[in-house]
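Accompanying notes for the structure given below.
Laboratory data are not the source of any read-out in this text; all were calculated from the coordinates shown. None of the values given here were measured: they were computed from a predicted structure. Positions of Cβ are generated from backbone atoms using ideal geometry, with glycine treated the same way; all protein chains shown enter the neighbour counts.
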Amino acid sequence: MWKKWFGKNSTTQQNIYCNIDFTRLPRHVAIIMDGNGRWAQKRGLPRTFGHRAGAETLRDIVKAASEIGIKVLTAYAFSTENWRRPADEVDLLMRLLSDYLDNEIDELDQNNVQVKFIGKIDELAKTLQNKIEKAQAQTAQNTGLILNLAVNYGGRAELTRAVKIISEKVLNKELTLEDITEEMIERSLYTADLPAPDLLIRPSGDFRISNFLLWQLAYTEFWFTDINWPDFKPEHLVQAILDFQQRERRFGGIKNTKKR
Ligand code: IPE
Ligand code: IPE
Ligand code: MG
């Protein structure tokens, strides 16, 4: 089992986690796992090495998020636009995802992690779809960290899908136009059963969201770093959380007003 931050033998973890206010954790952290290619390029290596190293980082960050007590971690692994990359790079990314499930699912399960996927999963290779289904089923009853992997995910595709789901109900006369509310749109997204992200992390020095969680990020706090994803360490996650805890979230109100 992974050590808990408060575990007897976890002095190192205590040191890096000790400044966190555990009563004010972000419930949901979303990460755009970017910069694998640049990480490899800097070292004169093919991009594939960066993707392999990035998969290792995901392992470490999932573990850290679970130890800290974060409820939901959404990781952007492959976008609907990433199909534009050369076929061999796409193949490798799919293989790494498949290997990740093969190698990690039992350990994730033992550590009470619930694995979920968002995106157009039905467009992936059948073998990968089967592994995804198996991973979700195996961990469905777990009550610890929810690891939500965004694969073949696009925010615009997700909203288009939601519009279709709702329109169909209107056409079938199950709904009227007046029934369409923000809550209904939210319930028609892949993330229907999850809270909106409190904190978005994008490494690698780019300041954009690249079609990630367009609806859900409306009031999310953003945290950017120049570090490429393969170099991203639990310490950086801690830093992002500490910065988040200094932010004042107003949700359109003014300081110290309660939401009505
Ligand atoms: C993120 O790293 C991995 C995916 C998008 C799948 P990149 O491959 O985008 O790395 P850079 O941005 O080219 O450095
Ligand atoms: C976003 O990164 C997608 C993932 C990390 C999976 P990209 O590398 O695809 O984003 P752009 O193209 O730089 O905006
Ligand atoms: Mg990139």
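Brief remarks on what is shown
- The modelled label-to-label distance for the pair LEU171/TRP83, using points 7 Å beyond Cα in the direction of Cβ, is 2.2 nm.
- Evaluated with a Cβ-only charge set (Lys, Arg +1; Asp, Glu -1), the chain carries a dipole of roughly 520 debye about its Cα centre, given to the nearest 20.
- Charge dipole of the chain about the Cα centre (unit charges at C-beta), most positive-ward option of LEU149, SER204, PRO230: SER204
- Exposure proxy ranking, count of Cβ atoms within 10 Å, fewest first, for ILE254, ILE165: ILE254, ILE165
- For the chain, the relative contact order is 27 percent, taking Cα pairs closer than 8 Å that sit 6 or more residues apart in sequence and dividing their mean separation by the residue count.
- Long-range amide H partners of GLN114 with built H, under 5 Å: GLY144, LEU145, ILE146, LEU147
- Length-normalised contact order for region 26-153 - Cα pairs under 8 Å, 6+ apart - percent: 32 percent
- For LEU199, the shell of other residues with beta-carbons less than 10 Å away shows a net charge of -1, using +1 for Lys and Arg and -1 for Asp and Glu.
- Summary of packing: across the peptides 99-105, 173-179, the per-residue average of other C-beta atoms within 10 Å ranks them, highest first, as 99-105, 173-179.
- Relative contact order for region 108-150: 65 percent, from Cα pairs under 8 Å spaced at least 6 residues apart, divided by residue count.
- Estimated from helices alone, the mean residue ellipticity of the chain at 222 nm is -13500 deg cm²/dmol (sum of -39500 (n - 2.57) over DSSP H runs with n ≥ 4, per residue).
- For region 26-153, the dipole from Cβ point charges (+1 on Lys and Arg, -1 on Asp and Glu) about the Cα centre works out to 380 debye, to the nearest 20.
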